[in-house]
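The values are calculated or read from the model by the stated rules, or taken from the named source; none is laboratory data. On a predicted model such as this, the values are computed, not experimentally measured, just so you know. All Cβ positions, even for glycine, are placed from backbone atoms using ideal geometry, and neighbour counts span all protein chains on display. We work out accessible area using only protein heavy atoms, side chains counted, and drop any ligands, DNA or RNA first. Shrake-Rupley method; radii C 1.70, N 1.55, O 1.52, S 1.80 Å.
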Amino acid sequence: MTKRSHPELDGQNPQTLYSFELKRPGQTLRERLTWSAIGLSVGLGVAAGFVFLNPQERTWSWLPERATLAASDDPFRQGSEQAMKAAELTQSAEFSEEWAEVVILWQQAIAHMRSVPNASANGALAKEKVAEYERNLQYAQSNVGTRTRRAPNLKTYWTLGSDRDLVMAIQGAPSQTMQYQSACQQTLRYGNSIVELHNGYVKQYDNPDGNLQVLAEGDVVVAVSAPQGRWTLGSSETDVVQLQGTPTRQEQYTSDQFRTLYYGKSSVLFENGQVIGYLNSDQNLKVSTLPPAPLPGQTAPEFWTMGSSRTEVLRAEGQTPVAISRNDNSCEEVFHFDDGEVTFRQGLVTGYRDRGNALKVR
């Protein structure tokens, strides 16, 4: 069957309406996006909160300080309030999810304290508080990975490397979505905070509003689940080896970024120590990519269509793909099922091949 495409995500007939600078690359974008309108006409994309941008208009520059909060806000007071909440929750925190909330509060407190101007009356004290809060943050982070989870299938935060589905499930619909023309990049805005995706996975973010439920450090979490005795996308190499045993062979690429472990004819691909794909030729991989069961009152979709998310496809198909391949250079990810394959771009279906009409597509 001819491979079908999704014109919106393929970048056909885009409108470049805005240009901006992302001020600092890396884990966080230390400055807010600076917007400048370059056109007087606003098309349908803006009305829908979806804007195409030209990646050639986007440049990086280094600035010494992160943007300050609104003038009407007092970052020292806000940081102190978040720190008080974190300290109070620390007294009763028991489960991993509660410690994750403590981590987020300390992150927010640190961000506010770093926004206090050096010349202000509280400038010197704010620097002391940053050092103090960072020690508290490290302690809270150590508990996230060691404490028992109250609800293993319920995700309450996201991380670098999380997928678009999980970010939107936790954060809700963004106030604006920016799709770059002819690039494998998308930005979600939540107020002044931003989440930057590459091929549908979080690569960096900036959280000046303190409204992102993100953990700066920790294992990658994604929308799919790994029941006991199984691993999934985002799992660490250590977790895979503990479940699969010693691989029959392995390949390390020259960049040290990618690594493949082989178990017979089956293989698992890692990027920076996290699973990004696999091939289960021998049906010996203990992998599961099924999303958690729908919440009470929700029903799993019976079908998926062009533009559906990864989670929607997996819920409708009700099975773990025999292989998942991801190529960020071509901005594609492919789920291979027994009788067909589904291609995603930026985490949304852009095409498929349905051999024998086995896929639940409409």
Open item on the list: Being among the aliphatic types (A, V, I, L, M), closer than 20 Å to Gly161 by Cα and assigned to a loop (DSSP other than H, G, I, E, B) is the filter here; which residues of segment 280-295 pass it?
Closed with: Leu290
- [ ] Identify, from the list Arg345, Arg353, Arg326, the residue that is in contact with a Gly (Cβ under 7 Å, 6 or more places away or on another chain), closer than 17 Å to Asp165 by Cβ and open to solvent by 10 Å² or more (accessible area, probe 1.4 Å).
- [x] Arg326
Open item on the list: Quick test for you: out of Trp304, Trp231, pick the one residue that is within 19 Å of the chain's Cα centre (by Cα), modelled with pLDDT of 95 or more and of a type in the set (Phe, Trp, Tyr).
Closed with: Trp231
TODO: Out of Ser142, Ser120, Ser96, Ser92, report the one residue that is of a type in the set (Ser, Thr, Tyr), touching a Lys or Arg at 6+ places or on another chain (Cβ under 9 Å) and without any contact (Cβ under 8 Å) to a residue 60 or more places away in the chain.
DONE: Ser96
- [ ] Could you check Gln108 against (1) part of a helix (DSSP H, G or I); (2) free of Cβ contacts under 8 Å to residues at least 60 places away in the same chain and say which number it fails?
- [x] (2)
Task: Long-range neighbours under 8 Å by Cβ, at least six apart or interchain, first residue in contact (Cβ under 8 Å) with a residue 12 or more places away in the chain and within 16 Å of Asn357 (Cα to Cα) within segment 302-329, second among the acidic types (Asp, Glu) and open to solvent by less than 20 Å² (accessible area, probe 1.4 Å) - done: Trp304/Glu317
TODO: Would you check which residues across segment 234-268 are within 21 Å of the chain's Cα centre (by Cα) and in contact (Cβ under 8 Å) with a residue 40 or more places away in the chain and list them?
DONE: Gly234, Ser235
- [ ] Inspect all residues belonging to segment 181-200 and state whether any of them is free of Cβ contacts under 8 Å to residues at least 24 places away in the same chain, aromatic (Phe, Trp, Tyr) and farther than 21 Å from Val287 by Cβ.
- [x] yes
